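A short worksheet on the structure shown next.
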Amino acid sequence: MSTNALTGGLVVDGQPITRVEMPGTIDELGRAVGPDDSAVLIAGNGSRQSFGNRGGPFDYAISMRKLNSVLHYEPDDLTVAVEPGITVEELNSVLAERNQMLPFDDPQPDRSTVGGTFATGLGGPRRLGYGSIKDWVLGVEIMAPDGVITKSGGMVVKNVTGYDLPRLHFGAHGAFGIVTRLNLKVFPQPEAVRSIVATFERARDAHLAGQAVLSSQLAPASILVSNGEGWQLSICCEGASASIQRQTDDVLQVVSHVTQPKDVQTTQDRTAAMWPFCSVAKLDASSAVARLATPPSGQVDVLEQYQSIISTSICADLGSGLVYLNGMPSIEWREAISKSSQRAVFLALPPELKKGVDVFGGMDAPNSRLVTSLKDAFDPARRLNRGRFVLGL
Amino acid sequence: MKAYSSELIRRLESIVKPDYVIYDRAGMGVYELDASDESIAGVHTPDVVVLPETAEQIAAIVRVANDLSVPVIVRGAGTGLAGGTITTRGGILLVTARMNHILEVNETDRYAVVEPGVINLDLTAALLGRGYYYAPDPASQKTCTIGGNIANNSGGPHCLKYGVTGNHILGLEVVLADGEMAWFGGASSEMPGFDLTGVMVGGEGTLGIVTRAMVRISRRPEASGVLLAAFPSIDSASRAVSATIAAGIIPASMELMDHLTITAIEVSAQAGYPKDAAAVLLIELDGLIQTVAEHKQIVAEICDEYGATEVRVAQSKAEEDALWLGRKSAFGAMGRLAPNYHLTDTVVPRTKLPLALERVAEVAVEYNLKIANVFHAGDGNLHPLILFDRNEPGAMERVLEASEVLMQYCIDLGGAVSGEHGIGIEKQEALPLMFTDLDLEAMAKLKRSFDPENQLNPGKVFPTSFDPYQRLDSPEKVALHVD
């Protein structure tokens, strides 16, 4: 994807935004944000604009895509500092030169920017093996709506100097400021990778086998259960060459001990193990995607319930305690999800289905008061991504 | 006695049993200090000490504090090293010691729910038979509480691979500054909304009061291995640390001890460390059996390559424990070298360790002090222990000056003021070494949003020259930024 993808304008929740600024330097960004009270939509490459409440109206948009430099890379420290507009794929290709990586698991790594991934808080199934994106963020620099840049955290892996403001901005959809720099911890690339995909007749069998692997000492990087032709248990093993074959064999033994799968496929890369997540959690403006916060013990019920009620692609992420659902956009589908006892977030809904809905699922009174006072403190004029965050902030 | 005192005590005694409301001087004596340096923190007596048993009681106490405009300071076991629980402005010292119950352990969903006064090691002990453990392991884990660990985002030797406290906290029940109760986060990795759990961790009790924590429990790895490598110089040992990480191996921990520390350990604990070594590295690896076996060999080769004079590989759990014994007794052993020590917790990018350690040695000479090094080398987290005798005139001043010089040097190398012990009052004046007033103002916005009346642990974290309740004027800020 070229850096000019958004110059022709941007459509967010059906609202066209014709003026898109693409600053190439921090000074240009400061001028683009400007001192006035206009409402500005902050975008990366536009790949996740389906996620967020119906906000606006927006006077213009700023795409961070051209702010895409690697500012500082210290492979021996396992740290890298980047501007937010670099894509996941671009960053990983820089890290790959030194046999390092960041396990983003992004469904669209060529489009998603690192800043956008941080701001929307959308990580992937390898959280189990590598922790959440928020755990990799060592420090950030943030531009406030008045153009002032502040830093928090640092460039070291352990740091308790002052409040952990990077956590405030993680998943906050830019509501409290614009990320201008991210300092990240990186990982050595594993020597060897295996995808194991076992197919079962019933969701329950696939999931119980997955739970058995989760509670073993085999330490896989991710465990998913999804529907397709039957139910697939997809496991990614990553690590040293010395152990990968034994790890794979033992995973299969644990699985078979629960229920003999109908079919087992093993491959030597992670594509097959990531595929269920990448296909279900892929976002675009016409899709309907939801994410339920459901720990493993509650996931079987969700899998069976949604499979039987409505035709939906489902992917349960055992290691992260999340279930993703991708269905035919309709009010019925939306309501079936909203009524669930699980806490649901809609990652994508067509604009007409967002009316009258908080896609984040709302908040209770004390949390609402807190988030509102934080918004008042950090963006009092409600300039940044107006209306798109939780509670329509 | 302050004007509000009798009413305060009467109202607190209506919330918790009078036995748990302490206001006589003798009873409050133990709460005047924590594990921080008395000569920095000073001795401050709270107005009253209260030991609640439930979250509802804490909420009621906070509402009383609001009515009477009294600050509330929370204390766990008092093992904090930065003076975070010292009642510098008086107030209610709320001690969580009685809230020490493990409420739930859920192996399927890999979490435990605990009260804030649960001792860190007690949780791991409770999980032992189930094959799980709680990963963050600060040196004080036999006495420190999980609530205190959350407040300080505590680390420990095994953070290198497993991360600090914040990486293991899934959700928190919190009493907010207005006495309302809120729940942040939950059992799933990414809950709806944003990450207020992460914001609370490391808040040093200035943002809210944790009354219940949902923590991640981890499966014990199937294998572990411990090596001890002796080096002819501290420089070669620290280069071996960087080389190991650069080779793509992330050990569970890498602890470095210098000659002075080894001497102290051998006098007191007889761990069998090589007495003539300039430095030893204690390295623990864990994971799958084959990986650990292979990595033990690679790490041993790296140590050889960087000049190790001896590499010992533990052959049994008993030998592993014996090698760890030295490290674990290091701080206690310092008493054999000098009556007092001052610990400077600072951190540098790990490739800068050789430079930082060189500077530590120079400062020791410049200030005529003995400095022992025992620290989390894999994280770049230095703990120079400056040895001195408090009774020697002028010694304390020299120690503090040396400590500040070291801190500044580490920050210049791209490091930070504190790696894992927190800011409290010990390091509040050092924050401007890293952060401008504008950076601090962003933190102040967070503080004001959570605690609009400055009721919770006031006077901590921020430097005394920077009042977080005195807003910086926006246009001036822009002018500053342009400069």
What FRET efficiency would be calculated for the residue pair B:Val43, A:Ser286, taking the C-beta separation as r and a Förster radius of 56 Å, to the nearest 0.05? 0.25
Normalised contact order of chain A, rounded percent, pairs of Cα under 8 Å and 6 or more residues apart: 18
Hull volume per residue for chain B, using the convex hull of the C-alpha atoms, in Å³ is 166
If I take every Cα pair under 8 Å that is 6 or more residues apart in segment B:359-421, average their sequence separation and divide by the length, what percent do I get for the relative contact order? 27
At a Förster radius of 30 Å, what calculated FRET efficiency corresponds to the Cβ-Cβ distance of A:Val11 and A:Ser338, to the nearest 0.05? 0.75
Quick one: B:Glu38, B:Glu204, fewest Cβ neighbours within 10 Å first, how do they rank? B:Glu38, B:Glu204
Distance cut-off 31 Å, Cα to Cα: go down the list A:Lys151/B:Lys352; B:Lys328/B:Lys427; A:Lys66/B:Lys447 and report the pairs above it. A:Lys66/B:Lys447
Can you tell me which lysines have their Cα less than 24 Å from the Cα of B:Lys17? Leave out same-chain residues fewer than eight positions away. B:Lys2
Just to verify a number: FRET efficiency for A:Glu201 and B:His101, C-beta to C-beta distance, R0 = 41 Å, to 0.05? 0.40
Viscosity 0.890 mPa s, temperature 25 °C: what is the translational diffusion coefficient of chain A from Stokes-Einstein with a Kirkwood Rh over Cα pairs, rounded to a whole number of µm²/s? 113
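Assuming a ≥ b ≥ c are the square roots of the Cα gyration tensor eigenvalues, decide whether segment A:103-144 counts as rounded (a/c under 1.5), prolate (otherwise, with a/b larger than b/c) or oblate.
Note, shape of segment A:103-144 comes out oblate.
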For the pair B:Glu404/A:Asp263, report the inter-label distance in nm, with labels modelled 7 Å from Cα in the Cβ direction. 7.1
Rounded if a/c is under 1.5, else prolate if a/b beats b/c, else oblate: with a ≥ b ≥ c from the C-alpha gyration tensor eigenvalues square-rooted, which is segment B:222-335? oblate
Distance in nm between B:Glu453 and B:Gln297 label points, each 7 Å along Cα→Cβ, equals 6.7
Normalised by the residues of chain B, what does the relative contact order come to in percent, with Cα pairs under 8 Å and at least six apart? 14
Quick one: work out Rg over Rh on the C-alpha atoms of segment A:311-375, Rh as Kirkwood radius. 1.02
Between the alpha carbon centres of segment A:315-377 and segment A:21-79 the gap in Å comes to 24
Loop-only check: which trypsin sites (Lys or Arg not before Pro) in segment A:294-347 are DSSP coil with at most 14 other Cβ within 10 angstrom? A:Lys339
Using DSSP to define loop residues, name the GluC sites (Glu not before Pro) in segment A:23-115 whose beta-carbon has at most 15 other beta-carbon atoms within 10 Å. A:Glu97
Using alpha carbon centroids, what distance separates segment A:169-210 and segment B:111-177, in Å? 24
For the protein assembly as shown: span of alpha carbons on each principal axis (Å, largest first): 78, 65, 57
In degrees, nearest ten, helix B:259-268 long axis to first principal axis of chain B (Cα): 80
What whole number of Å gives the distance from the Cα centroid of segment A:113-139 to the Cα centroid of segment B:333-390? 35
Sorted from largest down, what three extents in whole angstroms do the Cα atoms of segment A:132-208 have along their principal axes? 57, 30, 20
Across 5 Å bins from the origin, how do the percents of Cα pairs in segment B:5-95 run, short distances first? 3, 15, 27, 25, 17, 9, 3, 0
GNM, chain A, Cα, under 10 Å: largest mean-square fluctuation among A:Leu168, A:Leu292, A:Leu95? A:Leu168
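Here, each number is a calculation from the coordinates, and none is a lab measurement. Source: prediction; values computed, not measured. With ideal geometry, Cβ positions are generated from the backbone for all residues, glycine too; neighbour counts draw on all protein chains shown.
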